[in-house]
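Chemist: I have a structure I would like to understand better, so I am pasting it below and will then ask my questions one at a time.
The values are calculated or read from the model by the stated rules, or taken from the named source; none is laboratory data. These numbers were taken from a predicted model, which means no experiment stands behind them. All Cβ positions, even for glycine, are placed from backbone atoms using ideal geometry, and neighbour counts span all protein chains on display.
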Amino acid sequence: KKVLWSRGNGWVIGGLVRILSYLPPTHPSYERYKKLFKAMSKALMESLQEDGFWRPNLADPLDYNMKETTGSAFFVYGLALVINKSILENDVYLPIVHKAWTNLVSVVNEEGKLQWGQPPGAGPDIVQQEDSPSYASGIFLLAASEVYKMELDGIG
């Protein structure tokens, strides 16, 4: 079956939102990046699972059917950032951001560690609840900063 690695796609979303944040809308490539981001966002919306998490393999959620927070945090970051910049429709994507963010926060343990973070690798793999690689916290904080901006601006 097809494999679409959650965290790998998260890096792409993270890169695209940075491009859209800094590239002037008048640049000849801006619309191409915006179109790619919108297409990815639509696919992400469709692959979000009922529990508010994306799975390690976006193309086959049963392949590794467990929560995965590194990709999920990247997606919240990217979607929230473009909502804050009015690139995406709030009414379509805001419920996705809220659902995923609420569930990300729910898996921060008592020590403040984000759980279910996929360990280093080159593709989808098994994730354990206690997995909390250091980069998971950084991605989570990126998402938190954009969700916070949404709240400050009264978007959320």
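Chemist: Note down all Cβ pairs under 6 Å where the first residue falls in the stretch 72-92 and is within 14 Å of MET40 (Cα to Cα) and touching a residue at least 12 places away in the same chain (Cβ under 8 Å), the second is of a type in the set (Phe, Trp, Tyr) and assigned to a helix (DSSP H, G or I), and they're at least six residues apart or on different chains.
Modeler: What qualifies is VAL76/TRP101; LEU79/TYR93.
Chemist: If you don't mind, another one. If you go through the stretch 67-86 one residue at a time, do you hit one that is farther than 16 Å from GLY14 by Cα and modelled with pLDDT of 95 or more?
Modeler: Step one: of the stretch 67-86, the residues farther than 16 Å from GLY14 by Cα are 67-68, 86.
Next, from what is left, pick out any that are modelled with pLDDT of 95 or more: 67-68.
For the stretch 67-86, residues farther than 16 Å from GLY14 by Cα and modelled with pLDDT of 95 or more: present.
Chemist: Picking from LEU48, LEU104, which residue would you name as being within 16 Å of the chain's Cα centre (by Cα) and over 17 Å from LEU141 (Cβ atoms)? First the steps, then the outcome.
Modeler: Numbers: LEU104 fails: over 17 Å from LEU141 (Cβ atoms).
LEU48 is the lone residue from the list that is within 16 Å of the chain's Cα centre (by Cα) and over 17 Å from LEU141 (Cβ atoms).
Chemist: Considering only residues that are part of a loop (DSSP other than H, G, I, E, B) and hydrophobic (A, V, I, L, M, F, W, C), which ones fall in the stretch 99-127?
Modeler: First, the residues of the stretch 99-127 that are part of a loop (DSSP other than H, G, I, E, B): 107, 109-113, 115-127.
Scanning the stretch 99-127 gives VAL107, TRP116, ALA122, ILE126, VAL127.
Chemist: Quick check on ILE87: is it of a type in the set (Val, Ile, Thr) and either buried (at least 24 other Cβ atoms within 10 Å of the Cβ) or at positive phi (or both)? Walk me through it before giving the result.
Modeler: Values: of a type in the set (Val, Ile, Thr): yes; either buried (at least 24 other Cβ atoms within 10 Å of the Cβ) or at positive phi (or both): no.
Considered against the rule, which asks whether it is of a type in the set (Val, Ile, Thr) and either buried (at least 24 other Cβ atoms within 10 Å of the Cβ) or at positive phi (or both), ILE87 comes out as no.
Chemist: If the Cβ limit is 6 Å and pairs must be 6+ apart or interchain, which residue in the stretch 26-41 that is modelled with pLDDT of 95 or more pairs with which residue that is not in a helix (DSSP H, G or I)?
Modeler: TYR30/LEU23
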